[in-house]
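A short write-up of the structure that comes next.
The values are calculated or read from the model by the stated rules, or taken from the named source; none is laboratory data. Small disclaimer: the values here were computed from a predicted structure and weren't measured. Cβ atoms come from the backbone with ideal geometry, glycine included; neighbour counts cover every protein chain shown. Heavy atoms of the whole protein, side chains included, go into the accessibility calculation; ligands, DNA and RNA do not. Shrake-Rupley method; radii C 1.70, N 1.55, O 1.52, S 1.80 Å.
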Amino acid sequence: PNQYTEQEAKKLGVVGWVKNTSQGTVTGQVQGPEEKVNAMKSWLSKVGSPSSRIDKTDFSNEKEISKLDFSEFNTRY
């Protein structure tokens, strides 16, 4: 399912990572221009991958950064 998240992130031009947890949730980090990060947050909250069920989203630790920590968006295992 995370392939759809990777595709959306690449389409929007954000970087970071996503990972499924053993609790059946998803965790990750998204970096990029604010408007692109907001678009990714909206997609994660409302659309997600075709097989996902979104009960709620929780975005935390938001902050401005001076440079990106990642060069691409990928899935961690």
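Among the residues of segment 39-77, what is the count of those that are closer than 21 Å to Gln23 by Cα, among the hydroxyl-bearing types (Ser, Thr, Tyr) and either modelled with pLDDT of 95 or more or in contact with a Ser or Thr (Cβ under 8 Å, 6 or more places away or on another chain) (or both)?
So the count comes out to 4.
List, please: which pairs have Cβ atoms under 7 Å, are six or more places apart or on different chains, and start with a residue in segment 32-51 that is over 15 Å from Phe73 (Cα atoms) and end with one that is of a type in the set (A, V, I, L, M) and loosely packed, with under 13 Cβ neighbours inside 10 Å?
Ser45/Ile54; Gly48/Ile54
Matching residues to (1) assigned to a helix (DSSP H, G or I); (2) of a type outside the set (Val, Ile, Thr):
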site	(1), (2)
Lys11	yes, yes
Val18	no, no
Thr27	no, no
Lys36	yes, yes
Trp43	yes, yes
Gly48	no, yes
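In segment 3-27, what residues are modelled with pLDDT of 90 or more and on the phi > 0 side of the Ramachandran plot?
Gly13, Gly16
Exactly one of these conditions fails for Trp43: (1) touching a strand residue (DSSP E or B) at 6+ places or on another chain (Cβ under 7 Å); (2) surrounded by 11 or more Cβ atoms within 10 Å (Cβ to Cβ). Give me its number.
It fails just one condition, (1).
Name the single residue that is least open to solvent (accessible area, probe 1.4 Å) among those in segment 46-74 being out of contact with any strand residue (DSSP E or B) (no Cβ under 7 Å at 6 or more places or on another chain) and of a type in the set (S, T, N, Q).
Just the residues of segment 46-74 that are out of contact with any strand residue (DSSP E or B) (no Cβ under 7 Å at 6 or more places or on another chain), to begin with: 46-64, 66-67.
If we keep only those that are of a type in the set (S, T, N, Q) as well, we get 49, 51-52, 57, 60-61, 66.
Numbers: Ser49: 11, Ser51: 93, Ser52: 53, Thr57: 63, Ser60: 77, Asn61: 141, Ser66: 125 Å².
Going through the qualifying residues, I end up with Ser49.
When both residues are 6+ apart or on different chains and their Cβ atoms are under 6 Å apart, which pairs have a first residue that lies in segment 64-77 and is over 15 Å from Glu34 (Cα atoms) and in a loop (DSSP other than H, G, I, E, B), and a second that is aliphatic (A, V, I, L, M) and open to solvent by less than 80 Å² (accessible area, probe 1.4 Å)?
Phe70/Val15; Glu72/Val15
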